[in-house]
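The block underneath contains the structure these notes are about, expressed in C-alpha coordinates.
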Amino acid sequence: MRIEVSSGSDLKFDKLLFATGSRARSLRLDAHSETPGLYSLRTLDDCVALQGAISPGAQVIIIGGGLIGCELATTIQKMGAKAIILETANELLLRVLGKTIGSWCREELEAIGVEVHTGVSITHVDLDPSFREVRCGDGRRFSGDLAIVSVGAEPVTALAEHAGLACARGIIVNSVGMASSDTVYAAGDVASWPLRSGGRRSLETYLNSQNQAAVAAGAMLGKGEPAPQVPISWTEIAGHRIQMMGEVTGPGDVVTRVDPGGTGMTVCRLNGGELQSAVSIDQSADFSFASKIIERRMLVDAESIRDPLIRMKDIFKLAAKTVA
Ligand SMILES: Cc1cc2nc3c(=O)[nH]c(=O)nc-3n(C[C@H](O)[C@H](O)[C@H](O)COP(=O)(O)OP(=O)(O)OC[C@H]3O[C@@H](n4cnc5c(N)ncnc54)[C@H](O)[C@@H]3O)c2cc1C
(Lines give C-alpha, C1' and ligand atoms only; values in the text may rest on other atoms or scores of the structure.)
Protein backbone atom coordinates (compact mmCIF):
# COMPACT_ATOMS: atom_id res chain seq x y z
CA MET A 1 0.00 0.00 0.00
CA ARG A 2 1.39 3.37 -0.95
CA ILE A 3 0.53 7.00 -1.50
CA GLU A 4 1.96 9.38 -4.09
CA VAL A 5 2.99 12.89 -3.05
CA SER A 6 3.38 15.95 -5.28
CA SER A 7 7.20 15.79 -5.15
CA GLY A 8 6.84 12.62 -7.19
CA SER A 9 7.98 10.20 -4.48
CA ASP A 10 5.95 7.29 -3.12
CA LEU A 11 5.37 6.57 0.56
CA LYS A 12 4.57 3.06 1.77
CA PHE A 13 2.22 2.58 4.70
CA ASP A 14 0.75 -0.09 6.92
CA LYS A 15 -1.95 2.20 8.29
CA LEU A 16 -3.17 5.53 6.90
CA LEU A 17 -5.13 8.34 8.60
CA PHE A 18 -7.11 10.91 6.65
CA ALA A 19 -7.26 14.25 8.51
CA THR A 20 -7.91 16.49 5.52
CA GLY A 21 -10.60 18.54 7.28
CA SER A 22 -13.26 20.50 5.47
CA ARG A 23 -13.54 23.50 3.17
CA ALA A 24 -16.00 26.37 3.15
CA ARG A 25 -19.11 25.46 1.16
CA SER A 26 -19.64 27.76 -1.80
CA LEU A 27 -22.90 29.39 -2.75
CA ARG A 28 -24.55 27.44 -5.52
CA LEU A 29 -27.34 29.46 -6.97
CA ASP A 30 -28.35 26.63 -9.27
CA ALA A 31 -27.36 23.01 -9.61
CA HIS A 32 -24.59 23.67 -12.15
CA SER A 33 -22.91 26.94 -11.23
CA GLU A 34 -20.88 28.34 -8.38
CA THR A 35 -20.43 32.06 -7.76
CA PRO A 36 -16.75 33.06 -7.78
CA GLY A 37 -15.47 36.30 -6.27
CA LEU A 38 -17.24 36.09 -2.94
CA TYR A 39 -15.24 36.02 0.28
CA SER A 40 -15.35 33.10 2.70
CA LEU A 41 -13.59 32.30 5.99
CA ARG A 42 -11.74 29.05 6.45
CA THR A 43 -7.99 29.60 6.20
CA LEU A 44 -5.49 32.16 7.50
CA ASP A 45 -5.27 33.55 3.93
CA ASP A 46 -9.06 34.05 3.93
CA CYS A 47 -8.76 35.88 7.25
CA VAL A 48 -5.98 38.18 6.03
CA ALA A 49 -7.89 38.92 2.81
CA LEU A 50 -10.99 39.85 4.79
CA GLN A 51 -9.04 42.06 7.19
CA GLY A 52 -7.66 43.95 4.21
CA ALA A 53 -11.06 44.29 2.55
CA ILE A 54 -13.07 45.55 5.54
CA SER A 55 -12.55 49.17 6.51
CA PRO A 56 -14.49 51.32 9.01
CA GLY A 57 -17.79 52.42 7.51
CA ALA A 58 -17.90 49.55 4.99
CA GLN A 59 -21.18 47.70 4.50
CA VAL A 60 -20.60 43.94 4.61
CA ILE A 61 -23.21 41.40 3.54
CA ILE A 62 -22.92 38.02 5.23
CA ILE A 63 -24.76 35.20 3.49
CA GLY A 64 -25.57 32.62 6.17
CA GLY A 65 -26.45 33.17 9.83
CA GLY A 66 -24.77 30.15 11.45
CA LEU A 67 -21.87 30.19 13.93
CA ILE A 68 -19.27 31.63 11.58
CA GLY A 69 -21.69 34.19 10.10
CA CYS A 70 -22.63 35.45 13.58
CA GLU A 71 -18.99 35.49 14.78
CA LEU A 72 -18.07 37.44 11.64
CA ALA A 73 -20.89 39.94 12.21
CA THR A 74 -19.62 40.56 15.76
CA THR A 75 -16.07 41.22 14.56
CA ILE A 76 -17.20 43.40 11.63
CA GLN A 77 -19.16 45.65 14.01
CA LYS A 78 -16.10 45.85 16.29
CA MET A 79 -14.06 47.01 13.27
CA GLY A 80 -16.45 49.96 12.81
CA ALA A 81 -18.11 48.48 9.73
CA LYS A 82 -21.74 47.47 9.26
CA ALA A 83 -22.76 43.79 9.05
CA ILE A 84 -25.93 42.64 7.30
CA ILE A 85 -26.80 38.95 7.79
CA LEU A 86 -29.02 37.20 5.24
CA GLU A 87 -30.27 33.83 6.51
CA THR A 88 -32.54 31.37 4.69
CA ALA A 89 -34.07 29.80 7.83
CA ASN A 90 -36.56 31.72 9.92
CA GLU A 91 -34.04 32.20 12.75
CA LEU A 92 -30.26 32.50 13.20
CA LEU A 93 -28.17 29.56 14.45
CA LEU A 94 -31.06 27.10 14.31
CA ARG A 95 -29.03 24.01 13.38
CA VAL A 96 -26.42 24.26 16.13
CA LEU A 97 -28.04 26.22 18.95
CA GLY A 98 -31.81 25.87 18.50
CA LYS A 99 -34.58 28.48 18.37
CA THR A 100 -34.40 29.94 21.90
CA ILE A 101 -30.69 30.75 21.77
CA GLY A 102 -30.89 31.66 18.07
CA SER A 103 -33.50 34.31 18.75
CA TRP A 104 -31.60 35.59 21.81
CA CYS A 105 -28.42 35.93 19.72
CA ARG A 106 -30.32 37.77 16.97
CA GLU A 107 -31.50 40.37 19.49
CA GLU A 108 -27.97 40.74 20.90
CA LEU A 109 -26.50 41.15 17.41
CA GLU A 110 -29.17 43.73 16.51
CA ALA A 111 -28.34 45.59 19.72
CA ILE A 112 -24.73 46.04 18.54
CA GLY A 113 -25.94 47.33 15.14
CA VAL A 114 -26.08 44.19 12.99
CA GLU A 115 -28.95 44.12 10.48
CA VAL A 116 -30.52 40.65 10.34
CA HIS A 117 -32.89 39.35 7.65
CA THR A 118 -34.25 35.81 8.01
CA GLY A 119 -36.36 33.75 5.59
CA VAL A 120 -34.29 35.14 2.72
CA SER A 121 -33.78 33.08 -0.43
CA ILE A 122 -30.92 34.40 -2.55
CA THR A 123 -31.31 34.13 -6.30
CA HIS A 124 -28.57 36.36 -7.71
CA VAL A 125 -25.29 37.96 -6.63
CA ASP A 126 -23.95 40.90 -8.63
CA LEU A 127 -20.19 41.26 -8.16
CA ASP A 128 -19.39 44.33 -10.21
CA PRO A 129 -16.20 45.69 -8.52
CA SER A 130 -17.78 49.05 -7.65
CA PHE A 131 -21.14 47.79 -6.50
CA ARG A 132 -22.15 44.45 -5.06
CA GLU A 133 -25.74 43.49 -4.78
CA VAL A 134 -27.55 40.42 -3.55
CA ARG A 135 -31.02 39.77 -4.97
CA CYS A 136 -33.60 37.60 -3.27
CA GLY A 137 -36.52 35.50 -4.49
CA ASP A 138 -39.09 37.87 -2.97
CA GLY A 139 -37.65 40.88 -4.85
CA ARG A 140 -35.61 42.31 -1.97
CA ARG A 141 -32.15 43.65 -2.85
CA PHE A 142 -29.22 44.24 -0.50
CA SER A 143 -26.15 46.16 -1.51
CA GLY A 144 -22.76 46.34 0.16
CA ASP A 145 -19.03 46.84 -0.35
CA LEU A 146 -18.33 43.15 -0.06
CA ALA A 147 -20.17 39.89 0.50
CA ILE A 148 -19.01 36.92 2.56
CA VAL A 149 -20.48 33.45 2.15
CA SER A 150 -20.74 31.42 5.36
CA VAL A 151 -23.11 28.62 4.47
CA GLY A 152 -21.35 25.71 6.16
CA ALA A 153 -18.45 23.38 5.47
CA GLU A 154 -17.87 20.37 3.23
CA PRO A 155 -15.54 17.51 4.17
CA VAL A 156 -12.50 17.23 1.86
CA THR A 157 -13.04 13.68 0.61
CA ALA A 158 -11.80 13.74 -3.01
CA LEU A 159 -8.64 11.72 -2.23
CA ALA A 160 -10.54 9.20 -0.12
CA GLU A 161 -13.19 8.78 -2.82
CA HIS A 162 -10.44 8.31 -5.39
CA ALA A 163 -8.97 5.57 -3.17
CA GLY A 164 -12.35 3.80 -3.24
CA LEU A 165 -13.38 4.47 0.38
CA ALA A 166 -17.07 4.73 1.27
CA CYS A 167 -17.98 8.42 1.69
CA ALA A 168 -21.23 10.27 2.31
CA ARG A 169 -20.69 13.86 3.46
CA GLY A 170 -17.44 12.62 5.04
CA ILE A 171 -15.43 9.40 5.09
CA ILE A 172 -17.66 6.81 6.71
CA VAL A 173 -15.87 5.41 9.78
CA ASN A 174 -16.84 3.22 12.72
CA SER A 175 -16.61 4.36 16.34
CA VAL A 176 -12.82 3.88 16.46
CA GLY A 177 -12.32 5.81 13.22
CA MET A 178 -11.79 2.84 10.86
CA ALA A 179 -12.97 3.45 7.28
CA SER A 180 -14.35 0.88 4.82
CA SER A 181 -10.79 -0.48 4.43
CA ASP A 182 -9.31 -1.79 7.69
CA THR A 183 -5.93 -0.18 6.99
CA VAL A 184 -7.42 3.30 6.64
CA TYR A 185 -8.73 5.62 9.36
CA ALA A 186 -10.17 9.13 9.42
CA ALA A 187 -10.61 11.74 12.16
CA GLY A 188 -11.80 15.32 12.45
CA ASP A 189 -14.00 17.25 10.05
CA VAL A 190 -13.36 14.80 7.20
CA ALA A 191 -14.79 11.85 9.16
CA SER A 192 -18.47 10.95 9.25
CA TRP A 193 -18.28 9.49 12.78
CA PRO A 194 -21.05 7.64 14.69
CA LEU A 195 -22.93 9.70 17.29
CA ARG A 196 -23.92 8.49 20.74
CA SER A 197 -27.49 9.60 20.02
CA GLY A 198 -27.63 7.56 16.81
CA GLY A 199 -26.77 8.38 13.21
CA ARG A 200 -23.47 9.80 12.07
CA ARG A 201 -21.97 13.00 10.69
CA SER A 202 -18.94 15.24 10.48
CA LEU A 203 -19.03 17.27 13.71
CA GLU A 204 -16.89 20.25 12.68
CA THR A 205 -15.63 21.10 16.19
CA TYR A 206 -12.13 21.28 17.69
CA LEU A 207 -12.84 19.14 20.74
CA ASN A 208 -14.55 16.34 18.80
CA SER A 209 -11.72 16.42 16.23
CA GLN A 210 -9.12 16.11 19.00
CA ASN A 211 -11.02 13.28 20.66
CA GLN A 212 -11.44 11.40 17.36
CA ALA A 213 -7.74 11.84 16.58
CA ALA A 214 -6.74 10.26 19.91
CA VAL A 215 -9.23 7.39 19.48
CA ALA A 216 -8.15 6.69 15.88
CA ALA A 217 -4.45 6.83 16.83
CA GLY A 218 -5.10 4.28 19.60
CA ALA A 219 -7.01 2.02 17.20
CA MET A 220 -4.20 2.19 14.63
CA LEU A 221 -1.90 0.90 17.36
CA GLY A 222 -4.34 -1.88 18.26
CA LYS A 223 -5.78 -0.17 21.37
CA GLY A 224 -9.10 1.12 20.04
CA GLU A 225 -11.85 1.96 22.52
CA PRO A 226 -15.16 2.71 20.70
CA ALA A 227 -16.04 6.39 21.11
CA PRO A 228 -19.39 7.41 19.63
CA GLN A 229 -19.34 11.20 19.75
CA VAL A 230 -21.35 13.78 21.64
CA PRO A 231 -20.99 17.18 19.89
CA ILE A 232 -19.23 19.81 22.01
CA SER A 233 -18.29 23.32 20.99
CA TRP A 234 -18.19 27.00 21.93
CA THR A 235 -18.45 30.39 20.28
CA GLU A 236 -18.32 34.13 21.06
CA ILE A 237 -21.20 36.15 19.65
CA ALA A 238 -21.99 39.82 20.38
CA GLY A 239 -19.65 39.74 23.37
CA HIS A 240 -21.15 36.60 24.94
CA ARG A 241 -19.49 33.26 25.52
CA ILE A 242 -21.73 30.44 24.33
CA GLN A 243 -20.91 26.80 25.09
CA MET A 244 -22.84 23.82 23.82
CA MET A 245 -22.93 20.05 24.21
CA GLY A 246 -25.23 17.33 22.86
CA GLU A 247 -27.96 17.31 20.23
CA VAL A 248 -30.08 20.44 20.63
CA THR A 249 -33.03 19.05 18.67
CA GLY A 250 -34.80 15.79 19.46
CA PRO A 251 -37.54 14.33 21.63
CA GLY A 252 -38.26 15.44 25.20
CA ASP A 253 -38.65 18.80 26.91
CA VAL A 254 -36.68 22.02 26.64
CA VAL A 255 -35.97 23.57 30.05
CA THR A 256 -34.50 27.05 30.41
CA ARG A 257 -32.47 28.00 33.45
CA VAL A 258 -32.19 31.77 33.69
CA ASP A 259 -29.45 33.32 35.79
CA PRO A 260 -31.12 35.32 38.60
CA GLY A 261 -28.58 38.12 38.04
CA GLY A 262 -29.98 38.35 34.50
CA THR A 263 -26.58 37.90 32.88
CA GLY A 264 -27.09 34.61 31.10
CA MET A 265 -28.94 31.33 30.81
CA THR A 266 -28.61 27.63 30.09
CA VAL A 267 -31.10 25.93 27.77
CA CYS A 268 -31.33 22.17 28.28
CA ARG A 269 -33.13 19.33 26.51
CA LEU A 270 -34.19 16.46 28.71
CA ASN A 271 -35.62 13.14 27.59
CA GLY A 272 -36.67 10.41 30.03
CA GLY A 273 -34.77 12.17 32.84
CA GLU A 274 -31.54 12.21 30.85
CA LEU A 275 -29.94 15.51 29.92
CA GLN A 276 -29.48 15.35 26.14
CA SER A 277 -28.06 18.80 25.50
CA ALA A 278 -27.07 22.03 27.21
CA VAL A 279 -26.36 25.42 25.66
CA SER A 280 -25.03 28.04 28.09
CA ILE A 281 -24.68 31.78 27.60
CA ASP A 282 -22.10 33.35 29.96
CA GLN A 283 -22.62 30.46 32.42
CA SER A 284 -19.32 28.61 32.32
CA ALA A 285 -19.68 27.10 35.80
CA ASP A 286 -23.16 25.71 35.03
CA PHE A 287 -21.91 24.42 31.69
CA SER A 288 -18.96 22.57 33.17
CA PHE A 289 -21.30 20.53 35.40
CA ALA A 290 -24.04 20.17 32.77
CA SER A 291 -21.48 18.77 30.32
CA LYS A 292 -20.34 16.20 32.90
CA ILE A 293 -23.97 15.18 33.47
CA ILE A 294 -24.44 14.71 29.71
CA GLU A 295 -21.15 12.87 29.28
CA ARG A 296 -21.87 10.42 32.09
CA ARG A 297 -25.54 9.97 31.14
CA MET A 298 -26.75 10.84 34.63
CA LEU A 299 -30.46 11.23 35.45
CA VAL A 300 -31.65 14.66 36.57
CA ASP A 301 -34.88 16.31 37.61
CA ALA A 302 -36.27 18.97 35.23
CA GLU A 303 -37.50 21.21 38.08
CA SER A 304 -34.03 21.32 39.67
CA ILE A 305 -32.51 22.25 36.32
CA ARG A 306 -35.09 25.04 35.89
CA ASP A 307 -34.40 26.48 39.37
CA PRO A 308 -31.26 28.67 39.21
CA LEU A 309 -31.11 28.77 43.01
CA ILE A 310 -30.18 25.08 43.01
CA ARG A 311 -26.53 24.99 42.01
CA MET A 312 -25.69 22.86 38.95
CA LYS A 313 -22.80 21.52 41.01
CA ASP A 314 -25.30 20.13 43.55
CA ILE A 315 -27.51 18.68 40.78
CA PHE A 316 -24.39 16.95 39.46
CA LYS A 317 -23.46 15.57 42.89
CA LEU A 318 -26.96 14.20 43.42
CA ALA A 319 -27.13 12.77 39.91
CA ALA A 320 -23.76 11.07 40.35
CA LYS A 321 -25.64 8.34 42.21
CA THR A 322 -27.70 7.44 39.11
CA VAL A 323 -26.66 6.39 35.64
CA ALA A 324 -29.15 6.13 32.75
C1 LIG B 1 -13.66 30.45 11.09
C2 LIG B 1 -13.77 29.16 11.89
C3 LIG B 1 -14.03 29.24 13.24
C4 LIG B 1 -14.14 28.08 13.99
N5 LIG B 1 -14.40 28.19 15.33
C6 LIG B 1 -14.54 27.08 16.07
C7 LIG B 1 -14.79 27.16 17.47
O8 LIG B 1 -14.89 28.26 18.03
N9 LIG B 1 -14.91 26.02 18.17
C10 LIG B 1 -14.81 24.79 17.57
O11 LIG B 1 -14.96 23.78 18.26
N12 LIG B 1 -14.56 24.67 16.26
C13 LIG B 1 -14.43 25.77 15.49
N14 LIG B 1 -14.17 25.66 14.15
C15 LIG B 1 -14.08 24.32 13.56
C16 LIG B 1 -12.67 23.75 13.71
O17 LIG B 1 -11.75 24.67 13.15
C18 LIG B 1 -12.58 22.41 12.98
O19 LIG B 1 -13.56 21.53 13.48
C20 LIG B 1 -11.20 21.77 13.16
O21 LIG B 1 -10.20 22.63 12.69
C22 LIG B 1 -11.15 20.45 12.40
O23 LIG B 1 -9.84 19.94 12.49
P24 LIG B 1 -9.27 18.99 11.34
O25 LIG B 1 -7.87 18.69 11.72
O26 LIG B 1 -10.21 17.88 11.07
O27 LIG B 1 -9.32 19.89 10.00
P28 LIG B 1 -8.53 21.22 9.63
O29 LIG B 1 -8.19 22.01 10.83
O30 LIG B 1 -9.33 21.83 8.53
O31 LIG B 1 -7.14 20.67 9.04
C32 LIG B 1 -7.10 19.92 7.82
C33 LIG B 1 -5.72 20.12 7.20
O34 LIG B 1 -5.55 19.18 6.12
C35 LIG B 1 -4.90 19.87 5.04
N36 LIG B 1 -5.19 19.12 3.79
C37 LIG B 1 -6.35 19.02 3.12
N38 LIG B 1 -6.19 18.26 2.01
C39 LIG B 1 -4.90 17.85 1.99
C40 LIG B 1 -4.10 17.02 1.12
N41 LIG B 1 -4.62 16.48 0.01
N42 LIG B 1 -2.81 16.80 1.43
C43 LIG B 1 -2.28 17.36 2.55
N44 LIG B 1 -2.97 18.15 3.41
C45 LIG B 1 -4.25 18.40 3.13
C46 LIG B 1 -5.55 21.24 5.09
O47 LIG B 1 -4.76 22.17 4.40
C48 LIG B 1 -5.59 21.51 6.59
O49 LIG B 1 -4.39 22.09 7.07
C50 LIG B 1 -14.02 26.80 13.37
C51 LIG B 1 -13.78 26.73 11.99
C52 LIG B 1 -13.66 27.90 11.26
C53 LIG B 1 -13.40 27.79 9.77
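Here are the numbers for this structure:
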| quantity | calculated |
| --- | --- |
| Antiparallel DSSP beta bridges within region 23-153, percent to nearest 5 | 50 |
| Rounded Å value of the spacing that divides the Cα centres of region 193-262 and region 153-192 | 19 |
| Fluctuation leader among Cys136, Cys70, Cys268 - the chain, Gaussian network, Cα springs under 10 angstrom | Cys136 |
| The chain, dipole about Cα centre (Lys/Arg Cβ +1, Asp/Glu Cβ -1), debye to the nearest 20 | 740 |
| Placed amide H near Ser277: partners under 5 Å, 5+ positions off or other chain | Arg269 |
| Dimensions in Å of region 159-234 - Rg and Dmax from alpha carbons | 11.3, 35 |
| Residue-normalised accessible area of region 159-234, expressed per residue, 1.4 Å probe, Å² | 47 |
| Carbon plus sulfur fraction of accessible area for region 159-234, probe 1.4 Å, in percent | 56 |
| Rounded to whole Hz, the Karplus (6.51, -1.76, 1.60) HN-Hα couplings of region 80-93, x for glycine and proline | x, 9, 10, 9, 10, 9, 10, 10, 5, 5, 8, 7, 6, 6 |
| Gyration tensor (alpha-carbon) shape descriptor, region 90-225, a/c threshold 1.5 | prolate |
| Given charges at beta-carbon only (K, R positive; D, E negative), |dipole| of region 263-324 in Debye | 220 |
| Residue with peak Gaussian network fluctuation, the chain [Cα springs, cutoff 10 Å], from Gly152, Gly65, Gly139 | Gly139 |
| Of Lys99/Lys292; Lys12/Lys292; Lys78/Lys313, pairs whose Cα-Cα distance is over 31 Å | Lys12/Lys292; Lys78/Lys313 |
| Share antiparallel - DSSP beta bridges, the chain, percent rounded to 5 | 70 |
| Residue with peak Gaussian network fluctuation, the chain [Cα springs, cutoff 10 Å], from Ala168, Ala302, Ala216 | Ala168 |
| Percent of Cα pairs exceeding the 26 Å cut-off, where the set is the chain | 55 |
| Ratio of the Cα radius of gyration of region 250-319 to 2.2 N^0.38 Å, where N counts its residues | 0.96 |
| Å² of accessible area per residue within region 1-125, as computed with a 1.4 Å probe and no ligands counted | 54 |
| Leading residue at positive end of dipole, region 159-234 (Cβ point charges), from Ala214, Leu195, Met178 | Leu195 |
| Reachable lysines, given that their alpha-carbon falls under 29 Å from the alpha-carbon of Lys15 and they are not under 8 places away in the same chain | Lys223 |
| Principal axis box of region 1-139, alpha-carbon based, largest edge first, Å | 56, 39, 33 |
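The values are calculated or read from the model by the stated rules, or taken from the named source; none is laboratory data. None of the values given here were measured: they were computed from a predicted structure. Heads up, the Cβs are rebuilt from the backbone with ideal geometry, glycines too, and the neighbour counts pull from every protein chain shown. Each accessible area value is taken on the protein alone, full model and side chains, heavy atoms only, with ligands, DNA and RNA left out. Shrake-Rupley method; radii C 1.70, N 1.55, O 1.52, S 1.80 Å.
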